[in-house]
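> First, the structure itself, so that you have it in front of you.
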Amino acid sequence: MAIDSHMHINNIVLENEQEYIKDINENHSIENVINVGLNIETSEESILISRENSKFYSSIGIHPLYIESQDIDNLYKLADDDNVVAIGEIGLDNSKNNFDEQKKYLIKQIIIANELHLPVIIHSNNSNKLIIEIFEKYVKPKYGCVFHCFPPDIESLRYLVKNGYYISFAGRITYKNARKSFEIANTVPSDLFLVETDSPYISPEPHRDEVNKSSNIGYIISKIAEVKKMSYEDIEQITTENAKRLFKKIK
Ligand SMILES: [Zn+2]
């Protein structure tokens, strides 16, 4: 069964949450999902959903586009829950030009993840190199790291692999112009990649016009299997094992 290593069900992104929760609970090909917080409020919401639904785990953190009026120290209290498997998503996003502020939040949250022995989920919008620079200059994740929805970039991939960090494939690999993502899929070692939907965003082909759901994870697994000339079952099994190795609190 598959693990959707990165998706969002919260009141910022969806109105009819219960419908999406039910869809996952009733889907026999999904073993677990990681419901990723975007700020303190949605991180709290994710934990509440995980407590009530056994397939759900939570990642808590402050996304670079949601840093306004957030108290990072709340993460310590929230992390004290069996359902919290990671800190994230955290990172840099070059669609806003408040990089200095974004950097502070990123550094502080990596420090917290290291203190709590948790892996981090990194959001990088065209910022792979700057994030790697922060790892080298200030603080490196010590308990694992995944670049979610990895923006294809062979040079950064080399750095991540060297450090034992993971990358995660989302819907982009199913798009027509995904040549670079194919190259990444063929280069990444088999013990260092995950799959995710990032739902409700980036719907895969052939559902690009619809709201994305975790149940679309199979399209991403199939595409990777096709590109790597492996079976669907192998990619599903490998990515599930990888997710459990990275997110150690998944049972
Ligand atoms: Zn996300």
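> Those residues that are crowded, with 20+ Cβ neighbours inside 10 Å, assigned to a strand (DSSP E or B) and in contact (Cβ under 8 Å) with a residue 40 or more places away in the chain, I need them from the stretch 31-43; list them, please.
Asn32, Val33, Ile34, Val36
> Same structure again: Could you tell me whether Ile217 is in a helix (DSSP H, G or I), touching a residue at least 60 places away in the same chain (Cβ under 8 Å) and within 28 Å of Ile21 (Cβ to Cβ)?
Answer is yes for this residue.
> In the set Ser54, Ser124, which member is out of contact with any Pro (no Cβ under 7 Å at 6 or more places or on another chain) and hydroxyl-bearing (Ser, Thr, Tyr)?
Ser54
> Restricting attention to the stretch 139-164, report how many residues are surrounded by fewer than 22 Cβ atoms within 10 Å (Cβ to Cβ), β-branched (Val, Ile, Thr) and either within 22 Å of Tyr105 (Cα to Cα) or within 16 Å of the ligand (Cβ to nearest atom) (or both).
Of the residues in that region, 1 qualify.
> May I pose another question? Answer with yes or no whether Glu19 is more than 16 Å from the ligand (Cβ to nearest atom), outside any strand (DSSP E or B) and surrounded by fewer than 16 Cβ atoms within 10 Å (Cβ to Cβ).
Considered against the rule, which asks whether it is more than 16 Å from the ligand (Cβ to nearest atom), outside any strand (DSSP E or B) and surrounded by fewer than 16 Cβ atoms within 10 Å (Cβ to Cβ), Glu19 comes out as yes.
> State which residue pairs qualify: first residue touching a residue at least 12 places away in the same chain (Cβ under 8 Å) and inside the stretch 79-101, second residue among the charged types (D, E, K, R) and surrounded by 14 or more Cβ atoms within 10 Å (Cβ to Cβ) in any location, beta carbons under 6 Å apart, and separation of 6 or more residues or different chains.
Cβ pairs passing all conditions: Val85/Lys249.
> Modelled with pLDDT of 95 or more, outside any helix (DSSP H, G or I) and away from the ligand (no atom under 16 Å from the Cβ): which single residue out of Asp4, Asp81 fits that description?
Just one listed residue meets the conditions, Asp81.
The values are calculated or read from the model by the stated rules, or taken from the named source; none is laboratory data. As the structure is a computational prediction, the values presented were derived from the model and not from experiment. In this analysis, Cβ positions are derived from the backbone assuming ideal geometry, glycine residues included, and neighbour counts consider all displayed protein chains.
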